[in-house]
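Just below is one structure, and these are the notes that go with it.
Derivation of every value follows stated rules applied to the coordinates shown; laboratory data play no part. Quick caveat, the model's predicted, so the values are computed rather than measured. As a convention, Cβ positions derive from the backbone with ideal geometry for all residues, glycine included, and neighbour counts pool all protein chains shown.
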Amino acid sequence: MTFKEFNFKDQLQKAIDDAGFKEPSPVQKEAMPIVLEGKDIVAQAHTGTGKTAAFGLPILNMLSLDGGVEAVVIVPTRELATQVSDEIFRFGKYLGINTATVYGGSSYTRQIKHVKNAAVVVATPGRFLDLLSNGQINIEPKFVVLDEADEMLDMGFLDDIKEIFTYFDAPRQTLMFSATMPPAIRELSKTILYRPEFVTITKNEVTNVNIKQNYYVVKESERDDALIRLMDFKNPDKSIVFCRTKREVDRLSTFLSSKGYSAKGLHGDMEQRQREEVIRAFKRNDLEILIATDVAARGLDVQNVTHVFNYHIPFDSESYVHRIGRTGRAGKDGLAISIVTPHEFNSLKKIQKNVGSQLESKVIPNIADVQMRQKSSMLDKVAKQEISDLARDFVDDLKKEFVDEDIALKLASLMYSANDIAGSDKIGMNSAEVERLFERFKNDDGKKRGKSRNRGYNNRGHNKRRRDGDSRGGDRNRNHNKRR
């Protein structure tokens, strides 16, 4: 099946083609026909299965674009809000779609202004409810999406979500996506959805079993040295290094090139001609290392990528799955390597939980480890090296000064010095230090969960709001009074 079979608007299909999307993922294949029929849906699918497109594409196709906010997507974190907003904007670029992101920690005035000019709003629950309850925005969306519903439940947003739906009149089309279906989420679906269809995508469809996934814990200041050391040790034939920002791509491609690596960057600010040249060089094996942003690498179809490096882990699991999916293709084995700091450890644990696969902790090799790894490679090179007449003359000259064993030792030492290993001998945490980090985060997580269960609205800086406990928003034939 291809995306063309959904008969999307021409402008939307053009954006899909630009993104390089050919075949829909399992959740897209199952969910999009239901959404296009105008039905409510509950989709159980892990992050990384292509959920944003699963709800975003059919909604964009059905927007009337007659002014005002027509769709609202509610997500648990500001990072995911930005990601989803960017993705929907990218798919809707030829339709003239404006998106707005609403989350805490940013200017109210600017966000309100953006909402007034947007067709799609992507929001976190707390700030969105504040804007609704204070009367700062007044919208009547035709589509409402709850993305990562179970994550919002874990973060204590369930009551916020229930109250948000009291501001939306029926009829509307409501779409719920959740990795798991705890009882509270099932109860919520009964109150805010109308006769929903159910779709379940199993965990083993998320990641490729041929991809081995490792991570290394380092200090922030060790990130560059860690990447170089791992490159030297793994000696990948063809690899992609993923960065979060375009600026990071430019800096890292310059840095790696200065160290003698065959590396070039790829991001959205490059001219189309430059991008095509880089991709062609990578496909032809003229380039060993491609440094790219998530957006630039979407739809990139390159065979025989042996390694994927996450210079920074992505903000969300969906990007992680897209990244590591560049390797381990066509039945071949691949290796995904993530460089993380203790500060990013919670994000790493969340990714592991969402993708349902084991990320194995490893220790960055020291200099002796790399030299031992290089030994077999150099033995192979020596065995294959043809002997030239110039080399014979040179050895004859050396014999006048040194014995045969010293000549061999000196030449071998020259080979090793040509492969000089940069950086400190020890980079990053060892196994015992990572284990202690695990225990610390496990204990901290337990404390936070204990606090969140007893937390009221006063904790989050506003008065606890009155609720009358009925199942608002679930019956399309019921009129709702919208509070101002």
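Tabulated data
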| item | result |
| --- | --- |
| Convex hull volume per residue in cubic angstrom - Cα atoms of segment 133-223 | 191 Å³ |
| Positive-end residue of 31, 117, 11, charge dipole of segment 1-121 with Cβ unit charges | 117 |
| CD proxy at 222 nm, helix term only [per DSSP H run n ≥ 4: -39500 (n - 2.57); per residue of the chain; nearest 500] | -13500 deg cm²/dmol |
| Whole-angstrom Cα spans of segment 1-73 along principal axes, big to small | 33, 28, 20 |
| Amide H contacts of residue 361 (H built 1.01 Å from N, under 5 Å, at least 5 apart or other chain) | 215 |
| Violating pairs (Cα-Cα greater than 23 angstrom) within the set 212/350; 362/426; 219/332; 219/426 | 219/332 |
| Surface/4 estimate of mean projected area, convex hull on alpha-carbon atoms of segment 151-304, nm² | 14.0 nm² |
| Placed amide H near residue 121: partners under 5 Å, 5+ positions off or other chain | 71, 72, 73, 100 |
| Subset of 29/190; 22/113; 14/353; 51/353 violating a 27 Å alpha-carbon distance limit | 22/113; 14/353 |
| About the Cα centre, charge dipole magnitude for segment 3-205 (Lys/Arg +1, Asp/Glu -1 at Cβ), debye | 360 debye |
| Longest site-free stretch - the chain; sites: GluC sites (Glu not before Pro), DSSP loop, at most 13 other Cβ within 10 Å | 38-270 |
| Long-range HN-HN contacts of residue 291 with modeled amide H, under 5 Å | 241, 264, 265, 266 |
| Listed residues 179, 74, 138: farthest to the positive end of the dipole of segment 72-185 (Cβ charges) | 138 |
| Nearest-20 debye value, the chain charge dipole, Cβ charges on Lys, Arg, Asp, Glu | 2120 debye |
| C-alpha long axis of helix 272-283 to longest principal axis of the chain, angle in ° | 60 degrees |
| Segment 128-179: C-alpha pair distances exceeding 16 Å, % | 45 percent |
| With 5 Å bins from 0: P(r) over segment 3-205, alpha-carbon pairs, percent | 1, 7, 17, 21, 22, 17, 9, 4, 0 |
| Dipole in debye (nearest 20) - segment 173-259, about Cα centre, beta carbon charges: Lys, Arg +1; Asp, Glu -1 | 100 debye |
| Debye-sum result for the chain in log10 I(q)/I(0), which assumes one identical scatterer on each alpha carbon, at q = 0.05, 0.09, 0.10, 0.12 Å⁻¹ | -0.25, -0.70, -0.83, -1.13 |
| C-alpha long axis of helix 26-36 to longest principal axis of the chain, angle in ° | 30 degrees |
